[in-house]
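Visitor: Dropping the structure in here first, questions after.
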Amino acid sequence: MHIAAVLKRKGTGIITASPEDRIDAVARKLAHHKIGAVLVMRDDGRPAGILSERDIVRAVAADGAAALERPVGDLMTRDLVTGSPSDTVSQIMGVMTQRRIRHLPILEDGELVGLVSIGDIVKARLDDAELEVESLRGYVAGMG
């Protein structure tokens, strides 16, 4: 299965923030949407970085409540790892495992087309496994 199929199932809506947004506002956005990260976008519509719950927790642990007043640009991860719609679920799972990341922006021809989480990838793998089991059951039942 390719990432394009995962995006088709889950949709391509992406919750974003700007580098100037305050951390407390983004924390509320994460809680409201029940998500673990936001993509941080430049004014030109290109990704500038990603900010996760983990980034916020680490900053609060280091700086206390004052961290919540800082701009997103101070805490975001700037070195984005990205994928493509033509990548397979297995390839993306490998990248996420190797790089220890839970969210991966998907770009096509340099344009943002979606964001997948490790949960999306696991769900796709489980769906594939379930389909395979049902196919095998049908095959075995047809033999009898």
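Visitor: Counting only helical runs of four or more DSSP H residues, what would the 222 nm mean residue ellipticity of the chain come to if each run contributes -39,500 (n - 2.57) and the total is spread over all its residues?
Guide: -15000 deg cm²/dmol
Visitor: From the list (i) 14.3, 46; (ii) 19.3, 64; (iii) 18.2, 69, can you say which value of Rg and Dmax of the Cα atoms in Å was derived from the structure given?
Guide: (iii)
Visitor: What does the accessible area per residue of the range 73-144 come to in Å², with a 1.4 Å probe and no ligands, DNA or RNA counted?
Guide: Numbers: 4690 Å² over 72 residues.
Value returned for the range 73-144: 65 Å² of accessible area per residue.
Visitor: Let me ask you something else. Using 0.36 nm per residue of separation minus the Cα-Cα distance, give me the extension gain between M93 and D74 in nm, one decimal.
Guide: Length difference between fully extended and current span is 4.0 nm.
Visitor: State to the nearest 20 debye the size of the charge dipole of the chain about its Cα centre, where the only charges are +1 on K and R beta carbons and -1 on D and E beta carbons.
Guide: With only Lys, Arg, Asp and Glu charged at Cβ, the dipole is about 340 debye.
Visitor: Which whole-Hz couplings ³J(HN,Hα) result when phi for each residue of the range 78-87 is put into the Karplus expression 6.51 cos²θ - 1.76 cosθ + 1.60, θ = phi - 60°, listed in order with x for Gly and Pro?
Guide: 8, 7, 6, 9, 10, x, 10, x, 7, 5
Visitor: I've got another one for you. Compute the separation of the alpha-carbon centres of the range 53-120 and the range 1-18 and state it in Å as a whole number.
Guide: 14 Å
Visitor: Reachable aspartates and glutamates from K34, Cα under 19 Å, same-chain residues fewer than 8 places away excluded?
Guide: Leaving aside aspartates and glutamates fewer than 8 places away in the same chain, those within reach of K34 are D21, D24, E53, D55, D120.
Visitor: I've got another one for you. Tell me, what % of the accessible area of the range 23-144 is carbon and sulfur with a 1.4 angstrom probe?
Guide: Carbon and sulfur atoms account for 52 percent of the accessible area of the range 23-144.
Visitor: Have a look at E111, E130, E20 and tell me which one the Gaussian network model of the chain (Cα, springs below 10 Å) gives the largest fluctuation.
Guide: Highest fluctuation of the listed residues: E130.
The values are calculated or read from the model by the stated rules, or taken from the named source; none is laboratory data. As the structure is a prediction and not an experimental result, all values here were calculated from the model. Cβ coordinates were reconstructed from backbone atoms using ideal geometry, including for glycine residues, and neighbour counts include every protein chain displayed. Remember, those area values only see protein heavy atoms, side chains included, never the ligands or the DNA or RNA. Shrake-Rupley method; radii C 1.70, N 1.55, O 1.52, S 1.80 Å.
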